[in-house]
Amino acid sequence: MPKMKTSKAAAKRFKVTGTGKLKRAKAYKSHILTKKTTKRKRNLRKAAITDKTNVKNMKKILPYL
């Protein structure tokens, strides 16, 4: 059986926590920041945990993570 390939696009966007959950960056922080409040931009800095509905698919495209 050949080796499975990691999706490089996903590998750059997700990290695994110590407990095995997937950590991701939040969206909406790249441009048009003038109309967003300081509080909203500050909260977008924090990492989020990937929703459990997506974890099965993410583990499939990230087999060695």
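Bear in mind these aren't lab numbers, they're just calculated from the coordinates by the rules spelled out. Since we're looking at a predicted model, the values are computed, not measured. Every residue, glycine as well, gets a Cβ built from its backbone with ideal geometry; the counts of neighbours run over all protein chains shown.
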Inset, instruction - Could you work out how far helix 52-61 tilts from the main Cα principal axis of the chain, as a 0 to 90 degree angle to the nearest 10? - result: 50 degrees
Inset, instruction - Among Thr34, Thr17, Thr53, determine the one that fluctuates most according to a GNM of the chain built with springs between C-alpha atoms less than 10 Å apart. - result: Thr34
Inset, instruction - Report, in deg cm²/dmol and to the nearest 500, the calculated mean residue ellipticity at 222 nm for the chain, where each DSSP H run with n ≥ 4 adds -39500 (n - 2.57) and the sum is divided by the residue count. - result: -10000 deg cm²/dmol
Legend entry - Highest-fluctuation residue, Lys36, Lys15, Lys26 considered, GNM on the chain with Cα pairs under 10 Å: Lys36
Legend entry - Segment Thr53-Lys39, extension gain: residue separation times 0.36 nm, minus the distance between their alpha carbons: 2.2 nm
Inset, instruction - List the chymotrypsin sites (Phe, Trp or Tyr not before Pro) within the chain that fall in a DSSP loop (any state other than H, G, I, E or B) and whose Cβ has at most 10 other Cβ atoms within 10 Å. - result: Tyr64
Legend entry - Lys, Arg +1 and Asp, Glu -1 on Cβ, resulting dipole of the chain about Cα centre, debye, nearest 20: 320 debye
Legend entry - Calculated P(r) tail over 18 Å for the chain, as whole % of Cα pairs: 47 percent
Inset, instruction - Mind giving me the FRET efficiency for Tyr28 and Lys60? R0 is 22 Å, r the Cβ-Cβ distance, nearest 0.05 is fine. - result: 0.25
